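One structure is given here, and the rest of the page talks about it.
The values are calculated or read from the model by the stated rules, or taken from the named source; none is laboratory data. A quick note: this is a predicted structure, and the numbers were derived from the prediction, not measured. Virtual Cβ from ideal backbone geometry, glycine too; neighbours counted across all protein chains shown. In case anyone asks, the SASA skips ligands and DNA or RNA and just uses the protein heavy atoms, side chains included. Shrake-Rupley method; radii C 1.70, N 1.55, O 1.52, S 1.80 Å.
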Amino acid sequence: MSATLLTPESPEVAEPEEAKPDRLRPILATVWRWTSALGVALIIFSILLLTKGANPFQALGDMFKLTFTSSRSVQEIFIQMAPLVLGALAVAVPARAGLTNVGGEGQIIIGAVAACGAFLFLGDSAPGGLIIVAMFAASMIAGALWAGIAALMRLWAGVNEAISTLLLNFVALDILLFLIYQPWRESRTGQPTTRELVDTAKLPVISGTQVHIGIIIAVVVTVIVWAVMRYTRWGFKIAVAGGNAEAARRSGLNVSMLVLSALMIGGALAGLAGMIHFAGVEYKLRPGFGYQLGYTSFLACWLARHQPFPILVAAFVFASLSVAGDSLQLDSSLPAATINVLTALILMAVLGWTAKRKVSV
Amino acid sequence: MSLIVDVLSGGVRGGTSIMYGALGETVSERAGVINLGTEGSMLMGALGGYIVCVETGSPWLGALAGALAGAALSLLHAYLVVWRGASQFASGLTLLFLALGLTSLFGATYVGKPVDGFSRWDVPLLSDIPVIGTVLFQQDPLVYLSFAVVPFIWWLLFKTRAGLLIRTAGERSESLTVHGYSVKAVRAGAVTAGGFLAGIGGAHLSIAYANAWFENMVSGRGFIAVALVIFAVWSPIRVMGGAYLFGMALALGSALQARGYNVNQFALDAIPFVLTLAVLALLGKKTVSSSPAELKKVFENAPPT
């Protein structure tokens, strides 16, 4: 009996349109799930704050006020949300084909490394537009190839992609560190970083704000992914392969190509996430670049049940929590990482309460 | 010669915390549960061990507290995946975030506090043996403990009834049910025991290796432990060798740099991972086929292509 518990259900195949009243119920269930999970998590978090001598009402109140009323924080949420959305889509597309991509962390880094490499190759004097285009292309190709290693290992040697993508994260991190500590290091004496991206190649901001256009890119890509999943032959085929590979093979689908393409597209999306984080926020590579972005994206995708539009909501929630952590540090002088407790509690509430109805990896 | 001794000795010193984590992960995975929260258990162990060591002055009590803190976090993983049927990957990562948050919340006041942790203790006579003595017997007590823990875990897994139950939970859980055992209880026990070991590994970092606590001090060693288990094909003995190999790769860079060689540490750091990937690619089917069968179900959403 418990064996079945551990066997993850395959991602659902796009269902035909249902009648209207039936569509309302899952929405209400979702709303209920989120509010109750949030409530319980907040209560436990408050108790923890109490043990540290902080007044939870004041700390949380200030945290929410600072996070959602200051225009600076709200803008920061949208800035942080963009790579999370793309990183989560990078998990969702392979998941549709029945693949577990735990390699977002590495693919994001490789995407940023390729973007930075494209910039360093073209040099400061190249036109900004050219650098941006080159960075987009380089990051997506590099991310796709990086994930492709895992796909090929699965196809040729039967190595599971969850293992290989996880291992590749560390290789990617070491490549990043190798480059910024030696060949790409700006100066021998200062911090180990690369040269800053020229202003003309930085992602433009949405006028009147400090939010770079990454969020627009992320939303557009979400719509594209949704449409591709729902309306194209390829989207249908990978869902079939993800549902039952044997049946798919017997009905004449090239399952190997579908595995390869789904994982590589996932990698390209993660590479893109790395690129917009690089060209929109960081402008240079440093040792902690993109730290935990990939794992956070994985959880955001899981929370959204691998569905494109819910991913936007989940990414918003995670980005808000991250900004709330900074607010907490400013207001209550607790470490910013404290907010991870609240994030984890929310996830645990959702994991514990809803997993039985639908298990997904 | 002194370079080789330095690297070997550093490999043992630095590899020990990873080894404890990987031994814990081995027990857990043998029962069919992958725990990405091992990194979190090590963090809990590092802080738990540090706090108790600072407050009581006893490193042994610290190591015990670290082990219990690691076990507590793994118990949550066991609850979520065994009883609530949650995704093992999502649950493990969630607990990592929980541990990151808890340890930074409760660890903030301990940053920079002096600790009187384990100190090096040379084993009489044995430590005088050239090379081997320096490498293996001029270490801290938790390293010596690990010399006993590795064969113990091997014995536990392969020679005892408990080990048989754990392995059956990982290979053919339905036959446990047939014989009236609770698969859930066995898995939960194995996962929690795994967290206990990972907690010791964390405590080794904070009160024997670094003698300090700082935020996120485990910095990926728990994930290395997860990778190491695959590299070691779920064998505790090979985990030991693998951990020292990972440790040596970490020690080689600084040993070379200390002698004036200009090497890049990170190229060396990548070696164990690239090696693991290469081994998997070459022996992939063999390695994967020797993994616990129930674990394969976790990995495989779809039948193998």
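Brief remarks on what is shown
- Within the stretch B:285-302, residues that are surrounded by 22 or more Cβ atoms within 10 Å (Cβ to Cβ) have Cβ atoms under 8 Å from residues that are modelled with pLDDT under 70 and β-branched (Val, Ile, Thr) in these pairs: B:Val298/A:Val361; B:Asn301/A:Val361, counting only partners at least 6 apart in sequence or on another chain.
Table: residues versus (1) of a type outside the set (Lys, Arg); (2) open to solvent by 20 Å² or more (accessible area, probe 1.4 Å).
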| position | (1), (2) |
| --- | --- |
| B:Ser9 | yes, yes |
| B:Tyr20 | yes, no |
| B:Thr56 | yes, yes |
| B:Gly70 | yes, no |
| B:Gln88 | yes, no |
| B:Lys113 | no, yes |
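- Any pair with Cβ under 7 angstrom, 6 or more apart, that starts in the stretch A:322-339 at a residue that is within 13 Å of chain B (Cβ to nearest Cβ) and under 14 Å from B:Ala108 (Cα atoms) and ends at one that is among the acidic types (Asp, Glu) and open to solvent by 50 Å² or more (accessible area, probe 1.4 Å): A:Pro335/B:Glu215; A:Ala336/A:Asp326; A:Ala337/B:Glu215
- Checked against the criterion of being more than 15 Å from the chain's Cα centre (by Cα), more than 13 Å from every other protein chain (Cβ to nearest Cβ) and either in a helix (DSSP H, G or I) or not acidic (Asp, Glu) (or both), the candidates A:Gly274, A:Gly352, A:Gly280, A:Gly267 yield just one match: A:Gly280.
- Neighbours by Cβ (under 6 Å, 6+ apart or cross-chain): first from the stretch A:136-159, part of a helix (DSSP H, G or I); second of a type outside the set (D, E, K, R) and surrounded by fewer than 18 Cβ atoms within 10 Å (Cβ to Cβ): A:Met153/B:Ala281; A:Leu155/A:Ser256; A:Ala157/B:Ala281
- Pick from the stretch A:235-264, criterion assigned to a helix (DSSP H, G or I) and more than 14 Å from chain B (Cβ to nearest Cβ), ranking: most open to solvent (accessible area, probe 1.4 Å): A:Phe236
- Residues considered: B:Arg172, B:Arg167. Of these, the only one that is farther than 25 Å from B:Leu68 by Cβ and touching a Pro at 6+ places or on another chain (Cβ under 8 Å) is B:Arg167.
- Residue, surrounded by the most Cβ atoms within 10 Å (Cβ to Cβ), within the stretch B:212-234, restricted to residues that are more than 9 Å from chain A (Cβ to nearest Cβ) and under 12 Å from the mean Cα position of the chain (by Cα): B:Ala225
- Residues of the stretch A:295-317 that turn out to be more than 10 Å from chain B (Cβ to nearest Cβ) and either in a helix (DSSP H, G or I) or in contact with a Leu (Cβ under 7 Å, 6 or more places away or on another chain) (or both), as a count: 12
- Restricting attention to the stretch A:168-192, the residues that are touching a residue at least 60 places away in the same chain (Cβ under 8 Å) and not in a helix (DSSP H, G or I) total 4.
- The stretch B:133-162 residues that are farther than 21 Å from B:Ala232 by Cα, paired with ones that are open to solvent by 30 Å² or more (accessible area, probe 1.4 Å) and assigned to a helix (DSSP H, G or I) (beta carbon under 7 Å, 6 or more apart): B:Gly133/B:Leu126; B:Val135/B:Leu8; B:Phe137/B:Leu126; B:Gln139/B:Arg13; B:Ala162/B:Leu156
- Among the residues of the stretch A:106-131, just one is open to solvent by 20 Å² or more (accessible area, probe 1.4 Å), touching a helix residue (DSSP H, G or I) at 6+ places or on another chain (Cβ under 6 Å) and modelled with pLDDT under 95, namely A:Leu122.
- Candidates in the stretch B:265-284 are the residues that are open to solvent by 30 Å² or more (accessible area, probe 1.4 Å) and at the interface with chain A (Cβ under 7 Å from one of its Cβ atoms); of these, the one that is farthest from A:Ile180 (Cα to Cα) is B:Ala281.
- Filtered residues of the stretch B:181-211 (kept if farther than 27 Å from B:Arg161 by Cβ and surrounded by fewer than 24 Cβ atoms within 10 Å (Cβ to Cβ)): B:Tyr209, B:Ala210, B:Asn211
- Enumeration of residues in the stretch A:224-235 that are more than 13 Å from A:Gly98 (Cα to Cα) and touching a residue at least 12 places away in the same chain (Cβ under 8 Å): A:Val225, A:Trp226, A:Met229, A:Arg230, A:Trp234
- Elements of type helices (runs of 4 or more DSSP H) in the stretch B:1-112, at least 3 residues being under 30 Å from B:Leu176 (Cβ atoms) and under 14 Å from the mean Cα position of the chain (by Cα): B:2-30, B:38-56, B:59-78
- Any hit, the stretch B:54-67, residues being in contact with a Phe, Trp or Tyr (Cβ under 6 Å, 6 or more places away or on another chain) and touching a residue at least 24 places away in the same chain (Cβ under 8 Å): yes
- Number of the exception - B:Asn262 against (1) at the interface with chain A (Cβ under 10 Å from one of its Cβ atoms); (2) in contact (Cβ under 8 Å) with a residue 60 or more places away in the chain; (3) open to solvent by 40 Å² or more (accessible area, probe 1.4 Å): (2)
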